[in-house]
Amino acid sequence: MGKVKMNIEEINNSLKNKSPEAIVKWALGIAKKPVVTTNFRPYEAAILHLVSSQNKNINVIWCDTGYNTPNTYRHAQELIKTLNLNIDLYVPKQSTAHRDVVLGIPDVNHPDHKIFTEQVKLEPFKRAFKEQKPDVWFTNLRKGQTAFRDSIDVVSKDKNGVIKVSPFYHFSDEQLDVYLSKYNLPNEHKYFDPTKVLGNRECGLHS
C-alpha cells in the first residue's frame, strides 16, 4: 500500500491530462482489492466497460434499493450479460413489500426519510464494504452533479481511507455518449432513486 500513501493532490496533478483508460491502469496498479460500484443509472455502462475491460474479474458491487424501474432491471441484466460482470448483489434486509406497509417512501423533508435512506441505500452499502474490504473503489462520479462532487477530483479518499477513483470525473454527458457509441454500449434513462424523490440530494455513499 506504499504508493497509495502518496499525496492526493500530487496524484491528481499527475493524472490531470490522462485518459480514463490510463487512470484505470494507474489505479489497478496500486490496488490489492479493487471494486467498482454501480446502481445501473444512466451512463453506468461506461464505467463498467472501462474498468472490466482491464480487469475482467473485478468485483462489481450492486446495491439494489428494490425500487428500480423495470427498464433499469432489464438494462442491468443486459450489461451483466454483455460485459460478463462479476456481480456482488446487496439488497436491504427488509423487503420492499414490507417497507411499503410500515414506512412507505417518505418525502425528503419527512423525519422518516433518514431511516428510509439508511435502510435502502446506506446499510447495504456499508455491509458491502465491510465484507469486501476494498482499497481502491471505482465510481462514475462526475463534476457538476452535486456540490460535494464538485469538491473532489479524479482521485479522493473516503472517510475510511479507501482510494476513490472517478475516471470520467471531467466528462460531460455528450462525451460519455461518444464513449458509449464507440463501444456500442446501451444506456437507460428511466431510473428512479427513492431517496431523491424531490431533488438531487447527496445520498451519503460517496462522502
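Just a few scattered comments:
- Screening PRO106 with (1) over 21 Å from SER181 (Cβ atoms); (2) open to solvent by 20 Å² or more (accessible area, probe 1.4 Å) gives one miss only, at (2).
- Any hit, the range 119-129, residues being outside any loop (DSSP other than H, G, I, E, B) and at pLDDT below 95: no
- One residue from PHE116, PHE129, PHE138 being aromatic (Phe, Trp, Tyr) and under 22 Å from ASN184 (Cβ atoms): PHE138
- In the set (1) within 23 Å of SER14 (Cα to Cα); (2) assigned to a loop (DSSP other than H, G, I, E, B); (3) at pLDDT below 90; (4) among the basic types (Lys, Arg), ARG201 fails one condition alone, (1).
- For the range 167-184, the candidate set comprises residues that are open to solvent by 10 Å² or more (accessible area, probe 1.4 Å) and in a loop (DSSP other than H, G, I, E, B); within that set, the residue that is farthest from GLN54 (Cα to Cα) is SER172.
- Taking the range 1-108 as the region of interest, the helices (runs of 4 or more DSSP H) fully inside it that hold 3 or more residues being in contact with a helix residue (DSSP H, G or I) (Cβ under 9 Å, 6 or more places away or on another chain) are 8-15, 20-30, 44-52, 70-83.
- The range 109-121, residues that are surrounded by fewer than 17 Cβ atoms within 10 Å (Cβ to Cβ) and touching a residue at least 40 places away in the same chain (Cβ under 8 Å): ASN109
- Looking across the range 13-65, the residues that are among the polar types (S, T, N, Q) and modelled with pLDDT under 95 come down to ASN13, SER14, ASN17.
- Of all residues in the range 151-167, those that are closer than 12 Å to ASN12 by Cα and among the small types (Gly, Ala, Ser) have Cβ atoms under 7 Å from Cβ atoms of residues that are open to solvent by 10 Å² or more (accessible area, probe 1.4 Å) and not in a loop (DSSP other than H, G, I, E, B), 6 or more apart or on another chain, in SER156/ILE8.
- Any hit, the range 53-61, residues being buried (at least 22 other Cβ atoms within 10 Å of the Cβ), without any contact (Cβ under 8 Å) to a residue 60 or more places away in the chain and either touching a Lys or Arg at 6+ places or on another chain (Cβ under 6 Å) or over 19 Å from ASP135 (Cβ atoms) (or both): no
- Count of the range 109-118 residues which are within 20 Å of LYS159 (Cα to Cα) and in a loop (DSSP other than H, G, I, E, B): 0
The values are calculated or read from the model by the stated rules, or taken from the named source; none is laboratory data. What you are looking at is a predicted structure, and each value in this text was computed from that prediction instead of being measured. Note that each Cβ is placed from the backbone with ideal geometry, even for glycine, and that neighbours are counted across all protein chains shown. For accessibility, only protein heavy atoms count, side chains too; no ligands or nucleic acids. Shrake-Rupley method; radii C 1.70, N 1.55, O 1.52, S 1.80 Å.
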